[in-house]
Amino acid sequence: MDKKSVLSNTLTSFWWFNDGTVIRSTWLQTNANTSCSQDNKCGDLAVDLNGDKGPNAVGHDIFFFIITKNGIKPYGYQGDTSRSFDTSCVHGASGEYNGYGCTAWVIYNGNMDYLHCDGLGWDKKIRCK
């Protein structure tokens, strides 16, 4: 990863912190005069809690946030239709976006039980036990 790159009109920047945390921002709209996309998405943030140390996996040590016109939200929040917990934080599943929807779960429920069991959900149980 380079520190700053332009990819198909998407500006990506990285910040490295002394504790090892790395934050990457991707701005989908680079012109301040344009509006964000129809779903109010202006960009996203990826937070890697331990930088180069493993596992470097989304939902394990990398967590995603959506940047909107009105603020920043964790992916997978209750009502998120782009990266919902139910479809983008599925125990044992693989896929391009699996793990993205785990961010809100960790913040609001204070656990990563989705790594260990099935049957979790906003209107279901919030712990394995």
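What follows is calculated from the coordinates using simple rules that are stated; it is not laboratory data. Because the structure is predicted, anything quoted here is derived from the model rather than measured.
Which translational diffusion coefficient, to the nearest whole µm²/s, is obtained for region 15-129 from the Stokes-Einstein equation, given a Kirkwood hydrodynamic radius over C-alpha pairs, 20 °C and 1.002 mPa s?
Answer from the Stokes-Einstein relation: 144 µm²/s.
Of all the C-alpha pairs in region 85-129, what % are more than 12 Å from each other?
So the portion of pairs separated by more than 12 Å is 55 percent.
Show the residues, 5+ positions off or on another chain, whose built amide H is closer than 5 Å to the amide H of Asn50.
Val22
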